[in-house]
Every structure is written in C-alpha cells, then in structure tokens.
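To keep things clear, I will list the structure first and then write my remarks on it.
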Amino acid sequence: MADLSINFAGIKAPNPFWLASAPPTDKAYNVVRAFEAGWGGVVWKTLGEDPAPVNVSSRYSAHYGKNREVIGFNNIELITDRSLELNLQEITQVKKDWPDRAMIVSLMFPCEEESWKRVLPLVEATGADGIELNFGCPHGMPERGMGAAVGQVPEYVEMITRWCKKYCSLPVIVKLTPNITDVRIPARAALAGGADAVSLINTINSITSIDLDQMVARPIVGTQSTHGGYCGSAVKPIALNMVAEIARDPATQGLPISGIGGIGNWRDAAEFMALGAGSVQVCTAAMLHGFRIVKEMSDGLSRWMDEKGYERISDFSGKAVTNTTDWKYLDMNYQVIAEIDQDKCIRCGRCYIACEDTSHQSISQLIGAEGVRRYEVKAEECVGCNLCQITCPVEQCITMVPQATGKSYMNWTQDPRNPRAVT
C-alpha cells in the first residue's frame, strides 16, 4: 500500500491533500469537519489586522459548461471578517486536538515591518506548523497595500519574506499571484528572502459573465459589480504551466512547491506532483462537492501509485519536469499521423469537419452505396496536429502513431531552415 504521508518544507502531514486558504477554512467548525473527513492539512483563511474587513453580498459567480457544470468559479470575498483574536484562539485549539494534521496559517498585513513583527509571534504561539504569505489576492485590501499589490512587486515579496524569517521560526510559504507576466520573478524574490516554499497559483483576475437584463457583471452587489478571483478546473492548465516554470528554472530548482489551481481529483493532484509539487491545495472542488471528496482523492492516488510501483510521493514528484522544455528544443524530426479505428468509429464526422474546415484537409469522407459514411486519414497530408483526436467523442478511436523518419534528433536552434540556426 502506497505511503501518502509527506514532509513538505519541514511540515508533516498524513497525506498531501490540503484545503487552500478560502471560505472552507474560515473557522474551527469547518476545519474540524475537514479533518474528520480525512484532509491531511489546511491553510487557515487569511488573517489580517483588526479591524477586520467588511465583505459584501453577494460574493460568488461561476462560468458554466453543459448541464450547469461549474467550469470556473469567481469570488470577490476578502480575507477573514472575524477578529484576529478569535481566529488565533480557534487555530490553537484545533491544532491541539489534531496534532498530526498540517496547520498552515495564511497571513496578509500591510508593508510595514512593525505589523509583521507584532503578529508573527502570536501566530507561532498557536502551535501552527507554518505560515503562508498571501501575496496574490487580486481584488481586496489594496487600500492597505496587500495581496496582489505586493505579489506583483518582487522587491516587496523579498522584503516581507525576510521580515517573516526574522520574526518567526516557522516554515514560510509564499503564495504567488498569477496576475503577472513571469511568475519566476516573484518566486526568485521569495527564495532570495529566505522562503522555505512557494504555493501557486492564487486566483486570476476575472469577470465570469454579464447579466444582460440588468447590464451588470456577476456577482451583483446592488446595481454594480467588480472583477474577482477566478479558480476551479478552468485554471488548471495555467497553474500547471506556472508550477512547471518554477520547477525547471535553474534559479528556483528544488524549491518546494505546493500546487494550487483546479485540483478536483487524484489525477489532477498527480499531475501537479509530476511537475514538482510536494503538496496540493484544494478549494473550489470542496466548495462544490463537500469535504468527502478527499476520500476518493486519497484512494485514487494510492491505487495509482501501487499500480505504477511508487511507494511514496517523492518517488514520482518532479519526474515530468525534465521532459518539459522550451519550444525551440523540441525535436523537429519527430512525426506522428492520425489513425482511425474503424471498429470504434461511430461515423459522426466531427473529425472530418474539424480537419476540413479549420485544419489541413487530411481526412477523407467516403460515402458507400447505401449512404454509409466512412472516414480515412490521408497519411501524406496529415501533419499530426491531433485536432481530430481532440474532437473525437470516442476515447481511443483516433490515435497518433509515431512514424519512422530515419532522421535523428534536431531542434530549431540546429535546423537549417532557421535563419539563426547554430551550425
């Protein structure tokens, strides 16, 4: 049986599944229910200075797929609206009652050293296992110079991280904003400031939809709205890319990463881990489906690890990083072409339409005497783009088959067709 326990930047947990700092971790009641369900840790909802912020109503909106499946989730909720004292009391008690679970406390304070100096000892006194610096919240507290207002300025990231390492002995995790051109830059700044780890991604600036009757974006507050933080399954590709960028950057290589963004099942978690994440944080999936999803996540990951022969998460964490590179280093001589399994084909014609209208006209539509359609790939025309495979509704009906070209590896920097090729 696979061992799911982790030691992430010195923080131990029975499994890598943590609840992210968000509404589900705003109070002891929720966190205890999460621990009872089997979560390995939580990041307590972001604490700030008193007086606590005031939230509005309503706060959430969504981007839907078919059958009202929530693809993306948007929120304009701020950090905790409960007092600092009450939160610290509850954190202390929960950690005392659940000593084996990871308790991380998310923090957001102004860019004033005295504020951090005053509060950090209070947080450490709770018995928490670590702190997470919220440098990513995209929509709240700018008047106090916090959230993404900090995360977008590498000098601030490094400065505050240094303060935390100076006034606190707990592991420091820096949560990065995706609302930036190059996520590697703040990650490097966090490391320069002494960060023990980074977590990413925080939410993305977004407006999910417009109420065309009232002519106002959602969520609606009276007659107005504003941009919020976007999360959920839709942001997973963006999150995976940013995790990979940090994991393969020579300047931050080896820096522990807690992966966040669209994780809803064990496979999502495994993908983040394959790109270097040592723990994963979940929010939207728990809000949509409840805390019990962690059972399926843990069981699924454990079964997959057993199948692959991985005894612990560290056995496969980061294994996909070395296979992730810049476009210019890809093999220009590698070639695949599409192949349609006629036994599985349902003759819907989606592959043909997609290829004929928008791609390379490399699929033939053949109509028999009885009007029966058949689709065949024109091997000499196929460029291996795999659009047909993506549009096909039948799994494994269309496969991309590698071709023997007789040519050795050659990347774009070596290609004679490149006017700047290295010869």
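The residues listed here are 192, 251, 234; of these, the one that is crowded, with 18+ Cβ neighbours inside 10 Å, modelled with pLDDT of 95 or more, aliphatic (A, V, I, L, M) and over 25 Å from residue 55 (Cα atoms) is 234. From the list 239, 190, 217, pick out the single residue that is over 20 Å from residue 320 (Cβ atoms), touching a Pro at 6+ places or on another chain (Cβ under 9 Å) and small (Gly, Ala, Ser). After applying the criteria, what remains is 190. Across segment 35-79, the number of residues qualifying as modelled with pLDDT of 95 or more, within 24 Å of residue 121 (Cβ to Cβ) and in contact with a helix residue (DSSP H, G or I) (Cβ under 7 Å, 6 or more places away or on another chain) comes to 5. Under 25 Å from residue 270 (Cα atoms) and surrounded by 16 or more Cβ atoms within 10 Å (Cβ to Cβ), is that true of residue 389? When the stated conditions are applied, residue 389 passes them. Hey, any hits in segment 165-176 for a residue that's over 20 Å from residue 110 (Cα atoms) and outside any loop (DSSP other than H, G, I, E, B)? For segment 165-176, residues over 20 Å from residue 110 (Cα atoms) and outside any loop (DSSP other than H, G, I, E, B): absent.
Answer yes or no: is there a residue in segment 370-389 that is over 12 Å from residue 345 (Cβ atoms), out of contact with any Leu (no Cβ under 7 Å at 6 or more places or on another chain), of a type in the set (Lys, Arg) and assigned by TED's automatic domain parsing to the domain that holds residue 346. Lay out the reasoning, then the answer.
So the first thing to find is which residues in segment 370-389 are over 12 Å from residue 345 (Cβ atoms), and the list is 370-371, 378-387, 389.
With the extra rule that they be out of contact with any Leu (no Cβ under 7 Å at 6 or more places or on another chain), the set shrinks to 370-371, 378-387, 389.
Keeping just the survivors that are of a type in the set (Lys, Arg) gives 378.
With the extra rule that they be assigned by TED's automatic domain parsing to the domain that holds residue 346, the set shrinks to 378.
Checked segment 370-389: at least one residue is over 12 Å from residue 345 (Cβ atoms), out of contact with any Leu (no Cβ under 7 Å at 6 or more places or on another chain), of a type in the set (Lys, Arg) and assigned by TED's automatic domain parsing to the domain that holds residue 346.
When residue 3 is tested against (1) surrounded by fewer than 18 Cβ atoms within 10 Å (Cβ to Cβ); (2) closer than 22 Å to residue 257 by Cα; (3) out of contact with any Lys or Arg (no Cβ under 7 Å at 6 or more places or on another chain), exactly one condition is not met: (3). Of all residues in segment 216-255, those being of a type outside the set (D, E, K, R), more than 10 Å from the chain's Cα centre (by Cα) and in a loop (DSSP other than H, G, I, E, B) number 13.
Residues considered: 93, 152. Of these, the only one that is surrounded by fewer than 24 Cβ atoms within 10 Å (Cβ to Cβ), touching a residue at least 40 places away in the same chain (Cβ under 8 Å) and polar (S, T, N, Q) is 93. Pairs linking a residue in segment 213-234 that is at negative phi and in the same structural domain as residue 260 (by TED's automatic domain parsing) to a residue that is part of a loop (DSSP other than H, G, I, E, B) and among the basic types (Lys, Arg), with Cβ atoms under 6 Å and 6 or more positions apart or on different chains, are 219/59.
Can you name the condition, by its number, that residue 166 falls short on among (1) under 24 Å from the mean Cα position of the chain (by Cα); (2) surrounded by fewer than 19 Cβ atoms within 10 Å (Cβ to Cβ)? (1) is the only condition that residue 166 fails.
The single condition among (1) more than 21 Å from residue 327 (Cα to Cα); (2) modelled with pLDDT of 95 or more; (3) not small (Gly, Ala, Ser) that residue 372 does not satisfy is (2).
With respect to the stated conditions, residue 150 is among the aliphatic types (A, V, I, L, M) and in contact with a helix residue (DSSP H, G or I) (Cβ under 6 Å, 6 or more places away or on another chain). Of the residues making up segment 278-296, those that are touching a Gly at 6+ places or on another chain (Cβ under 6 Å) and part of a helix (DSSP H, G or I) are 284, 285, 294, 295.
Looking only at residues in segment 79-90 that are in a loop (DSSP other than H, G, I, E, B) and without any contact (Cβ under 8 Å) to a residue 40 or more places away in the chain, which one is nearest to residue 224 (Cα to Cα)?
The qualifying residue nearest to residue 224 (Cα to Cα) is 81.
Considering only segment 269-290, state which residues are of a type outside the set (A, V, I, L, M) and in contact with a strand residue (DSSP E or B) (Cβ under 8 Å, 6 or more places away or on another chain).
Answer for segment 269-290, where residues must be of a type outside the set (A, V, I, L, M) and in contact with a strand residue (DSSP E or B) (Cβ under 8 Å, 6 or more places away or on another chain): 272, 276, 278, 279, 281, 283, 284.
Pairing residues of segment 391-403 that are over 18 Å from residue 356 (Cα atoms) and at pLDDT 95 or above with residues that are loosely packed, with under 14 Cβ neighbours inside 10 Å and of a type in the set (Phe, Trp, Tyr), at Cβ distances under 8 Å and at least 6 apart in sequence or on separate chains, gives 402/334.
Quick one: would you say residue 317 is among the polar types (S, T, N, Q), surrounded by 15 or more Cβ atoms within 10 Å (Cβ to Cβ) and in the same structural domain as residue 249 (by TED's automatic domain parsing)? Break it down stepwise before answering.
Details: among the polar types (S, T, N, Q): yes; surrounded by 15 or more Cβ atoms within 10 Å (Cβ to Cβ): yes; in the same structural domain as residue 249 (by TED's automatic domain parsing): yes.
So residue 317 fits the description; yes.
Restricting attention to segment 297-319, the residues that are over 24 Å from residue 104 (Cβ atoms), in a loop (DSSP other than H, G, I, E, B) and in contact with a Phe, Trp or Tyr (Cβ under 8 Å, 6 or more places away or on another chain) add up to 1. The single condition among (1) surrounded by 14 or more Cβ atoms within 10 Å (Cβ to Cβ); (2) outside the structural domain of residue 341 (by TED's automatic domain parsing) that residue 408 does not meet is (1).
Say whether the condition of being under 27 Å from residue 238 (Cβ atoms), touching a helix residue (DSSP H, G or I) at 6+ places or on another chain (Cβ under 6 Å) and surrounded by 15 or more Cβ atoms within 10 Å (Cβ to Cβ) is met by at least one residue in segment 299-311. Yes, the conditions are met somewhere in segment 299-311.
The values are calculated or read from the model by the stated rules, or taken from the named source; none is laboratory data. These figures come from a predicted structure and were not determined experimentally. Cβ coordinates were reconstructed from backbone atoms using ideal geometry, including for glycine residues, and neighbour counts include every protein chain displayed.
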